[in-house]
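The structure appears below as structure tokens.
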Amino acid sequence: MNAHAAPVHISSLLVTAKPDLMAAVAEAIAREPAAEVAMTDPAGKIVVAMETDSEQAIVDALDRIQVLEGVVSAALVYHQMDEGAEPLSES
């Protein structure tokens, strides 16, 4: 573990979209910095994985996702902070 590395916040969101707009919602989420669409379901469920450098970045992304056209709900379902972990990727 590198004591000088910044904390990494790993989180996941569960987004429910209108099924007929799910593809567009998933595409919009994929354009979010640090967000990855991990899984989709034909019923409109979208699992999003995020890796950010702060809790505020998670909140900001969640705020943007919640107002996307076609989103019924979006909620944080998991969060973990790793102190001093090296980021897996830059987004």
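The values are calculated or read from the model by the stated rules, or taken from the named source; none is laboratory data. Keep in mind that what you see is a predicted model, and the values were worked out from it rather than measured. Here the Cβ is made from the backbone with ideal geometry for all residues, glycine too, and neighbour counts use every protein chain on show. Remember, those area values only see protein heavy atoms, side chains included, never the ligands or the DNA or RNA. Shrake-Rupley method; radii C 1.70, N 1.55, O 1.52, S 1.80 Å.
Data for the structure
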| quantity | calculated |
| --- | --- |
| 5 angstrom amide H check on LYS45, placed H, neighbours 5+ away | ALA17 |
| Accessible-area composition of the chain, carbon plus sulfur, in percent [1.4 Å probe] | 56 percent |
| Length gained when the stretch VAL72-GLU27 is fully extended (0.36 nm per residue, less Cα-Cα span) | 14.6 nm |
| Rounded accessible area of VAL67 (nearest 10 Å², 1.4 Å probe) | 120 Å² |
| Over the chain, relative contact order from alpha-carbon pairs under 8 Å, at least 6 apart, % | 49 percent |
| FRET E, pair GLN80, ASP20, Förster distance 35 Å, beta-carbon r, rounded to 0.05 | 0.55 |
| Magnitude of the charge dipole, the chain, Cβ model with Lys/Arg +1 and Asp/Glu -1, debye to 20 | 360 debye |
| Accessible surface of LEU68 - all protein chains present, 1.4 Å probe, nearest 10 Å² | 50 Å² |
| Integer Hz, Karplus 6.51/-1.76/1.60 couplings in order for the stretch 29-42, x for Gly and Pro | 5, 4, 7, 5, x, 6, 10, 9, 6, 8, 6, 10, 10, x |
| Tail weight of P(r) past 17 Å, computed on alpha-carbon pairs of the chain, percent | 45 percent |
